[in-house]
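Presented below is the structure to which this report refers.
The values are calculated or read from the model by the stated rules, or taken from the named source; none is laboratory data. Quick caveat, the model's predicted, so the values are computed rather than measured. Here the Cβ is made from the backbone with ideal geometry for all residues, glycine too, and neighbour counts use every protein chain on show.
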Amino acid sequence: MSAFLEAKDLDAFYGQVQALHGLSLSMERGTITTLLGANGAGKTTTLRAICNMIRTSGTISLNGQRISGRSTERIVEMGVAHVPQGRGTFTTLSVDENLRLGAMTRTDHRGIEDDIEKMFARFPILKKRRSQQAGTLSGGEQQMLAVARALMLRPQLMLLDEPSFGLAPLVVQELFEILGQVNRDDGVSILVVEQNAQLALKIATKAYVIASGRIAMSGAAEEIAQDDEVRKSYLGY
Amino acid sequence: MELLIGQTLSGLANGAIYACIALALVMIYKTIDHLNIAQGEMAMISTFFAWQLMEWGVPYWPAFFLTIFVAFCGGVAIDRVLFRPLAKAPVLTHLAGFVALFMILNSVAGLVWDFTIKPFPYPFGTSPFLGSSLISTHQAAMIGISMVLLFLLYLFFQFTRIGLAMRAAATLPESARLVGIRTGRMVSLGWGMASAIGAVAGMLIAPVVFLEPNMMAGILLYGFAAAVLGGLSSPAGAVAGGLLVGVFENLVGTFVPGVGHEIKLPLALALIIAVLALKPNGLFGRKITQRV
């Protein structure tokens, strides 16, 4: 059986600069996988490569279907929700409009309305802020909005780029609990890039450590968490 | 008093046209971050197209709507052929593109239809509006048609999925692509709509300024003034700015001694400079509130 998400031999380039060097990774359906590594190691680039937002060679497949070479919009339509670094919130639009944008590729009008209500039940703060400009939300609220927006796609796979960035520790805790729920209850597979390795390793089943655009190490999250060598050399805690 | 009301109303009539041009400018500015100085020439060519249709015997209204459609397609074509390849090019390249478009459209119009002025028909004639001496039927039509058009656009942007997608693509193209919006199409749509709005403005103002290749030069300047006054990023501001500029221009031209017809245009330029110096975001170009 082939993996749910499978990337093989990815080379990615920012202009002339090569950021990924033959990177390969795979993840199983319904799991949380985390990408760890220092700044500039290529974590964000890997996510961008999966969504074809950067010049990339190599093959990527989702559910055995090849997605590499397809346009970003098409990959999104296939059920890949990518919350980029900085959350990608449409700050000048309302919370409600942000949620609707998340469902842009769907055409089931009723289903969309239902899902918006579901998001409001799950994130009550968003209901309160419903018609408020998204830019006026706090960082934590914006991150909740970003997750809710991604869920509006009814994704198979969610790509999260440093969701804990700039958030207070308590909010980060809450966020990761929610991500766990999303994974368990909605059956969404999650590939998450994190600086906060400790936390990410707690919710993930599998981890990849990236260094200089290559996979330096991979394995079960628990093992990586306990490997002192890895911790000191790559994760810095 | 009568004079004041009359002049205000006819100011609103001109202002409605400036509002349309300003809105077209703002739409393109918001989608590609550049000011389309060829907007007036695009409107002029569309108006010539309408005139040609009528010369061939097409009645006014079919020609009017056919022109809007063709202008829309023309706008899309300009995006695809000229500006999409320039999408990542620096500002000066864009400027050169706009200047080229301006010159090409202007010269082609001159070549095909020559530079002599031509009369353009009024859709409803010029009799006093509802028997009132304050405003003519055509001025009322200029206000009425523009306002209906602007209202429809408001509904489109505020309440339809494509409208929302266009707003999203204009503010954050990368995020828009990540929710599956085909941003390239949204830019083309923006060009098409801006061109169509310009066509309406051109056809409404042509009976007043007469049809010739340079007919939009002044109108475009007023449109710029309106867009700058309203704040380049605000569609509602562009409309309000257009109406204000129209009324301002007319009242100053009438009541301030020494400001005749010749000085009105420099007034528009003075207004641009004043706004940029005193309130660079314009009246309505609000600063976006944001917490990080």
Go over the candidates B:82, B:130 one by one and state the one that is farther than 25 Å from residue B:189 by Cα and part of a helix (DSSP H, G or I).
B:130
How about segment B:18-35: which of its residues are of a type in the set (A, V, I, L, M, F, W, C) and either modelled with pLDDT of 95 or more or within 13 Å of residue B:235 (Cα to Cα) (or both)?
B:19, B:20, B:21, B:22, B:23, B:24, B:25, B:26, B:27, B:28
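If you check residue A:29 against the conditions, is it within 15 Å of the chain's Cα centre (by Cα) and surrounded by fewer than 18 Cβ atoms within 10 Å (Cβ to Cβ)?
Details: within 15 Å of the chain's Cα centre (by Cα): yes; surrounded by fewer than 18 Cβ atoms within 10 Å (Cβ to Cβ): yes.
The answer is yes for residue A:29.
For residues in segment B:141-165 being within 14 Å of chain A (Cβ to nearest Cβ) and without any contact (Cβ under 8 Å) to a residue 40 or more places away in the chain, which is farthest from residue B:18 (Cα to Cα)? Write out each step before concluding.
Here is the first cut: in segment B:141-165, the ones within 14 Å of chain A (Cβ to nearest Cβ) are B:157-165.
Okay, now just the ones that are also without any contact (Cβ under 8 Å) to a residue 40 or more places away in the chain, so B:158-165.
On the way: B:158: 22, B:159: 25, B:160: 26, B:161: 28, B:162: 26, B:163: 23, B:164: 25, B:165: 27 Å.
Residue satisfying both the conditions and the ranking: B:161.
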Can you name the residue in segment A:60-106 that is under 21 Å from residue A:9 (Cα atoms) and of a type in the set (A, V, I, L, M) and is also nearest to the chain's Cα centre (by Cα) among such residues?
A:80
Out of segment A:111-130, which residues are more than 23 Å from the chain's Cα centre (by Cα) and of a type in the set (Gly, Ala, Ser)?
A:111
For segment B:148-206, give me the residue count where each residue is over 22 Å from the mean Cα position of the chain (by Cα), β-branched (Val, Ile, Thr) and under 14 Å from residue B:30 (Cα atoms).
1
Do we find a residue being touching a Phe, Trp or Tyr at 6+ places or on another chain (Cβ under 8 Å) and crowded, with 20+ Cβ neighbours inside 10 Å anywhere in segment B:141-153?
yes
Within the set of pairs 6 or more residues apart or between chains, which connect a residue that is without any contact (Cβ under 8 Å) to a residue 24 or more places away in the chain inside segment A:6-31 to a residue that is outside any loop (DSSP other than H, G, I, E, B) and surrounded by 14 or more Cβ atoms within 10 Å (Cβ to Cβ) with Cβ atoms less than 6 Å apart?
A:26/A:6
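Taking the criterion of being surrounded by fewer than 16 Cβ atoms within 10 Å (Cβ to Cβ), within 8 Å of chain B (Cβ to nearest Cβ), at pLDDT below 95 and under 18 Å from the mean Cα position of the chain (by Cα), would at least one residue in segment A:40-59 satisfy it?
Residues of segment A:40-59 surrounded by fewer than 16 Cβ atoms within 10 Å (Cβ to Cβ): A:40, A:55, A:57, A:59.
Subset that is within 8 Å of chain B (Cβ to nearest Cβ): none.
No; the residues of segment A:40-59 include none that is surrounded by fewer than 16 Cβ atoms within 10 Å (Cβ to Cβ), within 8 Å of chain B (Cβ to nearest Cβ), at pLDDT below 95 and under 18 Å from the mean Cα position of the chain (by Cα).
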Please state which of the following conditions residue A:65 fails to meet, knowing it meets all the rest: (1) surrounded by fewer than 16 Cβ atoms within 10 Å (Cβ to Cβ); (2) in contact (Cβ under 8 Å) with a residue 24 or more places away in the chain.
(2)
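Test residue B:129 against the criterion of being modelled with pLDDT of 90 or more and buried (at least 17 other Cβ atoms within 10 Å of the Cβ), and give yes or no. It would help to see each step written out before you state the result.
Working: modelled with pLDDT of 90 or more: no; buried (at least 17 other Cβ atoms within 10 Å of the Cβ): yes.
When the stated conditions are applied, residue B:129 does not pass them.
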Can you find even one residue in segment A:89-100 that is modelled with pLDDT of 95 or more and more than 12 Å from chain B (Cβ to nearest Cβ)?
yes
Any residue that is under 20 Å from the mean Cα position of the chain (by Cα) and charged (D, E, K, R) - is there at least one of those in segment B:73-88?
yes
When the residues of segment A:136-177 are narrowed to those that are over 19 Å from residue B:175 (Cα atoms) and touching a Ser or Thr at 6+ places or on another chain (Cβ under 8 Å), which ends up farthest from the other protein chains (Cβ to nearest Cβ)?
A:176
Contact list please: Cβ distance under 7 Å, first residue in segment A:109-126 and in contact (Cβ under 8 Å) with a residue 12 or more places away in the chain, second residue among the acidic types (Asp, Glu), pairs at least six apart or on different chains.
A:125/A:141
Where in segment B:171-271 are there helices (runs of 4 or more DSSP H), lying fully within it, with 1 or more residues that are within 14 Å of chain A (Cβ to nearest Cβ), in contact (Cβ under 8 Å) with a residue 40 or more places away in the chain and not aromatic (Phe, Trp, Tyr)?
B:183-209, B:235-255
Among the residues of segment A:72-98, write down those that are closer than 15 Å to residue B:181 by Cα and in a helix (DSSP H, G or I).
A:72, A:73, A:74, A:75, A:76, A:77, A:97, A:98
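Please specify each residue of segment B:36-57 satisfying the condition of being assigned to a loop (DSSP other than H, G, I, E, B), of a type outside the set (Gly, Ala, Ser) and either modelled with pLDDT of 95 or more or surrounded by 20 or more Cβ atoms within 10 Å (Cβ to Cβ) (or both).
First pass over segment B:36-57, keeping only residues assigned to a loop (DSSP other than H, G, I, E, B): B:36-38, B:56-57.
Filter again for of a type outside the set (Gly, Ala, Ser), leaving B:36-37, B:56.
Residues satisfying the conditions are B:36, B:56.
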